[in-house]
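See structure below.
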Amino acid sequence: LAFSKFSLGVHKKAQNSAVRGELGRMPLGADIAANIIMYYSHIKNFSNNSLLKEALNVSSLNSKKGWTFKTEKLKTYLELASVNKKVLLSTRKQVIASIKAIYIEQWEKYITSEDKMRTYRTFKNRFKCEEYLSMVKPEHYKVQTRFRISSHNLAIERGRYCRPF
């Protein structure tokens, strides 16, 4: 996220949702969640005499503190009923698509509900990388991006961070 802000030429207090929206980038946690679910399903498909499968079974006895419980909760949240070995590749795509759909839905709610995103939502209504980023020189798109996501030096923006006397 810090690199994304740097490459867009915005300050560190710029809205994370706006930066991700301009670049069409998902949070790294989305890939991590997909990897967790895929590893969990991989272990679940081991034979019962496997040491790793036995460790998973012991972990599941740990009620609400264990990795197994949290992974099952994540699968429920993502509406993934079952993940089995036969459809591992398509299931990975399904997991990633589910995570992306949930993130985009939350992103859309955020940009429509936050006052600071008022200007941004006049320019942006879909989560995708903006075309202007690849069409113009960096010094030009940085100015445009600052204006779009309210990360500029106009008085209305500077006033957000100044303390009244």
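Fully extending the segment from Lys109 to Lys65, taken as 0.36 nm per residue of separation minus the present Cα-Cα distance, adds 12.8 nm. Taking each residue as 0.36 nm, the span from Phe147 to Arg126 lengthens on full extension beyond its C-alpha to C-alpha distance by 5.8 nm. Projecting the Cα atoms of Val19, Val58, Asn125 onto the dipole axis of the stretch 1-152, where Lys and Arg carry +1 and Asp and Glu carry -1 at the beta carbon, places Val19 farthest toward the positive end.
Between Glu72 and Lys100, the FRET efficiency from the beta-carbon distance, with R0 = 30 Å, is close to 0.90.
Per residue, how much accessible surface does the stretch 1-151 expose to a 1.4 Å probe? Answer in Å², no decimals.
Details: 9730 Å² over 151 residues.
Here the per-residue accessible area is 64 Å².
Return the carbon/sulfur percentage of the accessible area of the stretch 19-146, one whole number, probe 1.4 Å, all protein chains in place. Here carbon and sulfur together make up 56 percent of the probe-accessible area.
The values are calculated or read from the model by the stated rules, or taken from the named source; none is laboratory data. These numbers were taken from a predicted model, which means no experiment stands behind them. Please note: Cβ atoms are built from the backbone with ideal geometry, for glycine as well, and neighbour counts cover all protein chains shown. Heavy atoms of the whole protein, side chains included, go into the accessibility calculation; ligands, DNA and RNA do not. Shrake-Rupley method; radii C 1.70, N 1.55, O 1.52, S 1.80 Å.
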